[in-house]
Amino acid sequence: MRQDTLADAFSAIKNAERVGKNTCVVPASALVKNVLALMQKHGFIGDYEFVDDGKSGFFRVALVGKVNDCGVVKPRFSVRKNEFPKWEKRFLPADGFGYLIISTSKGIMDNDEAKKALTGGALVGYVY
């Protein structure tokens, strides 16, 4: 029984990147799908596809070798629209390097999109 599919997905991606694999398999959920779309948009991963195995399914992710680190944030801290610099300093290695992943009322978005949309949300994870 999985407790946190996003944490499992991030650890599978990070471990596969470290050993130099071209693809990896991550568990499927709606949150994982949205996070993978965000990572693909920013060029951290290549294409991904859903594979239905009769149970919950999984995603096959093509890796491009650009993920240095990624992870979930537990507990899922609430972030106000004016607090992004505080959380960027805490979870990202440098200014303008990497992205925070935020769950907002407008969907999953990165910290730059949330700043432009003037919205806050729950801090889900980070990638750089």
³J(HN,Hα) computed for each position of the stretch 65-71 - Karplus, 6.51 cos²θ - 1.76 cosθ + 1.60, integer Hz, glycine/proline x: x, 10, 8, 7, 7, 8, x
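Give the order of Lys14, Lys55 when sorted by the count of other beta carbons within 10 angstrom, beginning with the fewest.
Working: Lys14 16, Lys55 8.
Listing Lys14, Lys55 from fewest to most nearby Cβ atoms yields Lys55, Lys14.
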Debye, to nearest 20: dipole size of the stretch 5-63, +1 on Lys, Arg Cβ, -1 on Asp, Glu Cβ: 160
Proxy reagent accessibility, fewest Cβ within 10 Å first, across Lys115, Lys74: Lys74, Lys115
Assigned charges on the beta-carbon of Lys, Arg, Asp, Glu; the chain dipole about Cα centre (debye): 360
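Per DSSP helix of 4 or more residues, -39500 (n - 2.57); summed, then divided by the residues of the chain. What does that give at 222 nm, rounded to the nearest 500?
Taking each H run of at least 4 residues, the total per residue is -9500 deg cm²/dmol.
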Burial ordering of Leu6, Leu118, Leu63, fewest other beta-carbon atoms within 10 Å first: Leu118, Leu63, Leu6
Number of Lys pairs (Cα under 20 Å; 8 or more positions apart or on different chains) in the chain: 26
Cα principal axis extents for the stretch 73-127, largest first, Å: 27, 24, 17
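Taken together, the values in this text are just the output of simple stated rules run on the coordinates, not laboratory data. What you are looking at is a predicted structure, and each value in this text was computed from that prediction instead of being measured. Every residue, glycine as well, gets a Cβ built from its backbone with ideal geometry; the counts of neighbours run over all protein chains shown.
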